[in-house]
Amino acid sequence: MLASGIMDEDAGSIQRMIDCGAGAIVTKSIGTQPRDGYPNPTIIELDYGIINAMGLPNPGIELYGEEIKKLRATKVPIIGSIYAADADEFVSLAIKMQQYGVSALELNVSCPHAKHYGLEIGCDPSFLHEIVTSLKQQISIPVFVKVSPNIMNLTEIVQAIEKAGADAIVAINTVKAMKIDLQTTRPFLSNKIGGYSGKAIKPIGVRCVYEIAQAVDIPIIGVGGITTGEDAIEYFMAGASAVQIGSAVYYRGPEVFASVCDEIKSWMKNNGYTKITELIGVALQ
Ligand SMILES: Cc1cc2nc3c(=O)[nH]c(=O)nc-3n(C[C@H](O)[C@H](O)[C@H](O)COP(=O)(O)O)c2cc1C
C-alpha cells in the first residue's frame, strides 16, 4: 500500500500510484477544515532518511470528497486517513469518508508534529478506546489505527485499540527528530521538531511490529523504511500481514510498488517459500 502523506492528495497523483502497482492507497490525513500546514522549510533530506514537519496541510473533508469521488471506478482499495481532536470530530469525518465510498479508515493518532492532534491523542489509551468505540458504533467500514513509535506504552495502547474493536493496527508513523543548521546555529525546520522516515527507521518499525504482534491478535500493517522486497519480508517475519511504502516512492519512484513485489517473489522463490502466510510472524516462534 501507499502510506499516507506521500503523493496522495489528489486523484491524478493517486491514479499514478495505482497505475504503478500500489495494492491499496492510504490518502493524506484529512481534518474537518482546510489547513495550510507550517511555513517552509518543512522537509529536509538526510543521509538515511527524511525529516518532515509539514504540519498536516490538507484541503479539508469537503474538498477531499471531490477528489476521492473521481476514483470511484478504481478497483484498488482507497483507505481514508483522518485526524481529529476528539471522538465526535472523528465520527463526523468517518461518516463523510464512508459516504465517499472509501474501503477503510486509518486514524492518524501518531503524527509527531501537529499540536492538539496525532501523537497528543495517540499516547492516551482510554481516549483512544473512546474514539475507536464511537467509530465502531457508527460506521460499518473497517477501522485501522496508526500508532507512533514515540511512546513508552505501546503494548497498553494497542491492547486498548484492539479491545475497542479496531480491525487492524498500522505501525509506525514517523520518529520524532531534529536537524540543526550549522550555519544559522538553529533547527533547520520552521517547526523545529519533525518526524523521521525512510531507511533509518526500519529497525524501529520492525521492533514495534514485533512487540505489537505479541500483544494483540488483530492484523498489523507494517510501515517505516521499507525500500526493498527484503525490507518488506523483515516486516512480515516480525508479524505484519501487509506493508505500506512512503519515503521509498521518493527514492525509487512510483515504480517502487512493482519492484518491491517482484523482489518479494524472487526472495521467496530463492528461499523455498510459496505463500506470504508462511512468513508472517515466523520471527516470533
Ligand atoms: C512528507 C510526509 C508526509 C506524511 N504525512 C502523513 C500524514 O498525513 N498522515 C500519516 O498518518 N502519516 C504521514 N506520514 C508518515 C508516513 O505515512 C509513514 O508512516 C512514515 O513516513 C514511515 O514510512 P516510510 O519510511 O516508508 O516513509 C508522512 C510522511 C512523510 C515523509
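The values are calculated or read from the model by the stated rules, or taken from the named source; none is laboratory data. Keep in mind the model is a prediction, meaning the values are calculated, not measured. Positions of Cβ are backbone-derived with ideal geometry, glycine not excepted, and every protein chain shown enters the neighbour counts. SASA here: full protein model, heavy atoms, side chains in, ligands and nucleic acids out. Shrake-Rupley method; radii C 1.70, N 1.55, O 1.52, S 1.80 Å.
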Express in Å², to the nearest 10, the accessible area of Thr32 obtained by rolling a 1.4 Å probe over the protein heavy atoms while all chains stay in place. 50
Using heavy-atom solvent-accessible surface (probe 1.4 Å) with all chains present, what is the largest-first order of Arg186, Arg207? Arg186, Arg207
What pairs from Lys96/Lys179; Lys136/Lys179; Lys136/Lys176; Lys28/Lys199; Lys96/Lys176; Lys115/Lys199 go past 28 Å between their alpha carbons? Lys96/Lys179; Lys136/Lys179; Lys136/Lys176; Lys96/Lys176
If you take every residue apart from Ile95 with its C-beta less than 12 Å away from the C-beta of Ile95, what net charge results, scoring Lys and Arg +1 and Asp and Glu -1? -1
Region 1-35 residues near the modelled Leu63 label - backbone nitrogen below 12 Å, point 7 Å along Cα→Cβ: 10, 31, 33-35
Where does the charge balance sit around Val158 when Lys and Arg score +1, Asp and Glu -1, over other residues with C-beta under 12 Å from its C-beta? -2
Please compute the per residue accessible area over the chain with all protein chains in place, 1.4 Å probe, rounded to a whole number of Å². 44
By average C-beta atoms within 10 angstrom, highest first, the peptides 152-162, 215-225: 215-225, 152-162
Quick one: pull the percent of accessible area on region 71-139 belonging to carbon and sulfur, 1.4 Å probe, ligands and nucleic acids left out. 51
Can you give the accessible area of Ile193 in Å² (nearest 10), computed on protein heavy atoms with a 1.4 Å probe? 70
Listed highest first by mean packing, meaning other Cβ atoms within 10 Å per residue, what order do 231-239, 118-126 come in? 231-239, 118-126
Measure off, as a whole percent, the carbon and sulfur share of the 1.4 Å-probe accessible area of region 220-285, all protein chains present. 54
When Lys and Arg each count +1 and Asp and Glu each count -1, what net charge do the other residues less than 14 Å away from Gly281, Cβ to Cβ, add up to? -3
For Lys28, what accessible area in Å² do you get when you roll a 1.4 Å probe over the heavy atoms of the protein chains, rounding to the nearest 10? 20
What does the C-alpha gyration tensor say about the overall shape of the chain? Classify as rounded when a/c is under 1.5, otherwise prolate if a/b is larger than b/c, or oblate. rounded
